[in-house]
1. Going by amide H atoms built from the backbone, whose H comes under 5 Å of the H on D130, apart from near neighbours?
2. Percent antiparallel among DSSP beta bridges with both residues in the chain, to the nearest 5?
3. Could you derive backbone 3J(HN,Hα) for region 95-109 from the dihedral phi with the Karplus parameters 6.51, -1.76 and 1.60 (θ = phi - 60°), listing whole Hz in sequence and x where the residue is Gly or Pro?
4. What residues have an amide H closer than 5 Å to that of G368, excluding those fewer than 5 places away on the same chain, when H is modeled at 1.01 Å from N in the peptide plane?
5. What list of ³J(HN,Hα) values in whole Hz, one per residue of region 243-254 in order, does the Karplus curve 6.51 cos²θ - 1.76 cosθ + 1.60 (θ = phi - 60°) give from phi, with Gly and Pro shown as x?
6. In what order, largest first, do S315, S94 sit by accessible area if the probe radius is 1.4 Å?
7. Report H33's accessible area, 1.4 Å probe, all protein chains in place, as a number in Å² to the nearest 10.
8. Per residue, how much accessible area does region 145-285 show when a 1.4 Å probe rolls over the protein heavy atoms, in square angstrom?
Amino acid sequence: MSYYVTTPIYYVNAEPHLGHAYSTMAADVLARHMRQRGEDVFFLTGTDEHGEPIENAAEREGVTPQELADRNAAKFEELLPIIDVTNDFFIRTSDPRHAEKVAEIMQRVYDNGWVTKGTYEGWYCPRCADFKTERELGPGNTCPIHEIALEQEREENWFFRLSAFQERLEKLYEERPDFVIPEVRRNEAVAFIKGGLEDVSLSRPKLKWGMPLPWDSDQRMYVWFDALLNYVTALGFAREGEDLTERYWPADMHLMAKEILKFHAVIWPALLWAADLEPPKRMAIHGFLLMGEKKMSKSLGNVLDPFEVIDRFGSDALRFYCFREVSFGQDGSISTAGFESRYETELANDFGNLASRVLAMVDRYRAGVVPKAAIDAVLEEDFEGVVERFSELLDRAELTQALEEAWKLVRRLNRYVEETKPWELAKDEADPERLDEVLYNLAEGLRVTTLLLVPYLPRSADQLLGALGEESRALAELGSHPGGQKVERVPPLFPKIEPPA
Ligand code: ME8
């Protein structure tokens, strides 16, 4: 089966920060996990390069919008290998191939009769690049997200006839209760729709840095239309000479944070219908990473630099920390102190030490060969059905809960070491079969658990699976390997961290 997962495409008005890395790493967890399940995965990320936020930032910096876009898109792209992200393509909306597809699709929307001319009057946030309805205004006509004064705008626009899709959208949400997850975000989308849909501005006469409308070159396309369409257009040119649209559309999973819910959960399905395309299968909305109490963002300036974090802790630790500390779907605070504490107690002690101990004991007591033995009944129950449970959680993008499922096994295996005390069994080899059994169960439990952890800890899981003599990355149940394989010791997976100089 195919599995198409996307991240939002990020604005290039500034450099990437950990908030962007967070969504991209989350999509990577899902992509890697689905590949382990043998799915035909396509994973898209990229940059959103048109619109007022970029135009304004470029003006402030005295460069052209394209220059700014080139510079910052490169930074977003450079971040990907650093956080071990395995995207299949990186789309940039200033790519002429994207523009060509957008023009084609929007012309279809126009030809199908879903566009009208009108006058827009109301509040506009230049940083969201969004017109705000009365319901969305912060105190004193400010933007609730950016905490800046909104601009009063009046202009001749083309409008997308969103209101015509009212009933169809209501029906979509009735028929597909998990179209938007988690439920709280679904309810938000439904409430927005039920509140009555208004037509939305599709073009702006004042905008310079945007795509011309195919049927009216005096107006530039409102950036959100060009941006949303990236999920479809990319499939048309990601592979030279090949159109992947049939193979991957509709997308299986759009990931994003909650501030762009309305665009994806309300406007996007309607736009796709207007263009004779199917809506995506599902979207999962996550919360904000907070530093202190505020959302990390470029404009508020309280940013944790992912490059620095990785320098000190490695990318596995960053991925692990983000999905462990903050319950995926909710807002949550992160801190350097939090990183260090989880790194030491969970990665270095719980997991790293378990791995070192198991490999060392098999090495010392059985010359590096995992004994062939049976599954210990006391472990059976804890491992029973874990692959299915874990997979179901990730089908619903429950990244934190899935990680906790795997971590329960890490803790269980540590308890098993304490309960069985293999070093005592090894002292006098009165019962060599029991020692065989314990070592087999430890190696097997560690193999099964590490396979689950591959998407979260790709580097260390790979290294450890190599040391455990496991070549496959397919998910496995306890006992599916008979033992008999050669293992090797590895240096500590999560070495003690030195305080910064
Ligand atoms: O909205 N915590 O781009 P953007 C968690 N171009 N996630 C965060 C975050 C934080 N503190 N900060 C950013 C746009 N993100 C549009 C999207 S899609 C067709 C167009 C992540 O650069 C999160 O995924 O503002 C959020 O939705 C996205 O970055 C916004 O990125």
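1. Placed amide hydrogens put C125 under 5 Å from D130.
2. Numbers: 25 of 48 bridges.
Once the DSSP bridges in the chain are tallied, antiparallel ones form about 50 percent.
3. 5, x, 5, 5, 4, 4, 5, 4, 4, 5, 5, 5, 4, 5, 4
4. Answer set, sorted by chain and number: D363.
5. So the Karplus estimates, Gly and Pro as x, are 9, 8, 4, 4, 6, 10, 8, x, 4, 7, 7, 9 Hz.
6. Working: S315 5, S94 30 Å².
In descending accessible area the options line up as S94, S315.
7. For H33, the solvent-accessible surface is approximately 0 Å².
8. With all protein chains present, region 145-285 gives 41 Å² per residue.
The values are calculated or read from the model by the stated rules, or taken from the named source; none is laboratory data. All values reported here derive from a predicted model rather than from experimental measurement. Every residue, glycine among them, receives a Cβ derived from its backbone with ideal geometry; neighbour counts consider all protein chains shown. Accessible surface areas use protein heavy atoms only, side chains included; no ligands, DNA or RNA. Shrake-Rupley method; radii C 1.70, N 1.55, O 1.52, S 1.80 Å.
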